[in-house]
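Visitor: One structure, pasted below without further comment.
Any read-out appearing in this document is the output of simple, stated calculations on the displayed coordinates, not a laboratory observation. Keep in mind that this is a model prediction, so the values were computed, not measured. Reconstructed Cβ throughout: ideal geometry from the backbone, glycine too, with neighbour counts over all protein chains shown.
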Amino acid sequence: MTSARRIAVYPGSFDPVHEGHLDIMRRCKPLFDEVVVAVLENEEKAALFSVEERVEMISEILGDDPIFTARSFSGLLVDYVESLGARAIIRGLRAVSDFEYEFQMALMNRRLDPNIETVFLTPREEYSFVSSRLVKEVFRLGGDLTGLVPQPVLDRLQERLRPNGAKV
Ligand code: PNS
């Protein structure tokens, strides 16, 4: 008898991906056979990196680990999850302040598709304050992000925000 593959989708903006996100991805590894890291194509939200760049960075960082793939999606998340034959949505919970927004989304997604479960994972405490917004702000202002974002992201931030080593 073969059991169904456990596929999870880890959706987000990932603008850019940081160590808190990567910690969540690592925690998915023993729980699922396949994890699709799904970058939302959101025209309303002004992003620093294009969706293609974000998918590319995540793919580069995850390397050739066969359980992970990075892709983009548009439309309703539950439709995308369903189209992959997945049953789980992964979300990271850093602190109580994340809870209200996440709880609302989880319940709305359940209302839209009761077959899909949201699974909350918590990152290591040392990443609990890290967000993509703060990463961009700190980098822009010349702060040190060592240990908070992987090298490919630092390189891209450098190219985008401090061409010629200049602060912007
Ligand atoms: O990293 P983010 O910006 O907090 O991720 C938010 C995301 C992508 C998970 C959410 O905006 C989403 O799922 N958007 C897709 C559209 C959708 O399904 N909206 C209803 C969600 S309740």
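Visitor: Treating only the Cβ atoms of Lys and Arg (+1) and Asp and Glu (-1) as charged, compute the dipole magnitude of the chain about its Cα centre; round to the nearest 20 debye.
Guide: Result for the chain is approximately 240 debye, rounded to the nearest 20.
Visitor: Using Cα pairs under 8 angstrom and six or more residues apart, how large is the relative contact order of the stretch 1-67, in percent?
Guide: 41 percent.
Visitor: Additional query: Let me check I have the definition right: for the stretch 95-157, take the eigenvalues of the Cα gyration tensor, multiply each by 5, take square roots. What are those semi-axes in whole Å, largest first?
Guide: Ellipsoid half-lengths, sorted descending, are 31, 13, 11 Å.
Visitor: Moving on. Using the beta-carbon distance between Glu100 and Arg160 and R0 = 35 Å, what value does 1/(1 + (r/R0)^6) give for FRET efficiency, to the nearest 0.05?
Guide: Efficiency at R0 = 35 Å is approximately 0.65.
Visitor: Taking the Cβ of Ser83 as the centre, find all other residues whose Cβ is under 13 Å away and add up their charges (Lys, Arg: +1; Asp, Glu: -1).
Guide: Residues close to Ser83 contribute a combined charge of -1.
Visitor: Net charge within 14 Å of Met57 by Cβ-Cβ distance, Lys/Arg positive one each and Asp/Glu negative one each, not counting Met57 itself?
Guide: -3
Visitor: Over the stretch 7-129, what is the relative contact order in percent, taking alpha-carbon pairs closer than 8 angstrom and at least six residues apart?
Guide: In percent, rounded to a whole number, it is 31.
Visitor: On to the next question. Using Cα centres only, tell me the gap between the stretch 109-138 and the stretch 1-70 in whole Å.
Guide: Comparing the Cα centres of the stretch 109-138 and the stretch 1-70, I get a distance of 12 Å.
Visitor: Regarding the chain, what is the average projected area of its C-alpha convex hull, in nm²?
Guide: For the chain, averaging the hull's shadow over all directions gives 10.7 nm².
Visitor: Please build a GNM for the chain, connecting alpha carbons under 10 Å apart, and tell me which residue among Lys136, Lys29, Lys45 fluctuates the most.
Guide: Result: Lys45 has the largest fluctuation of those listed.
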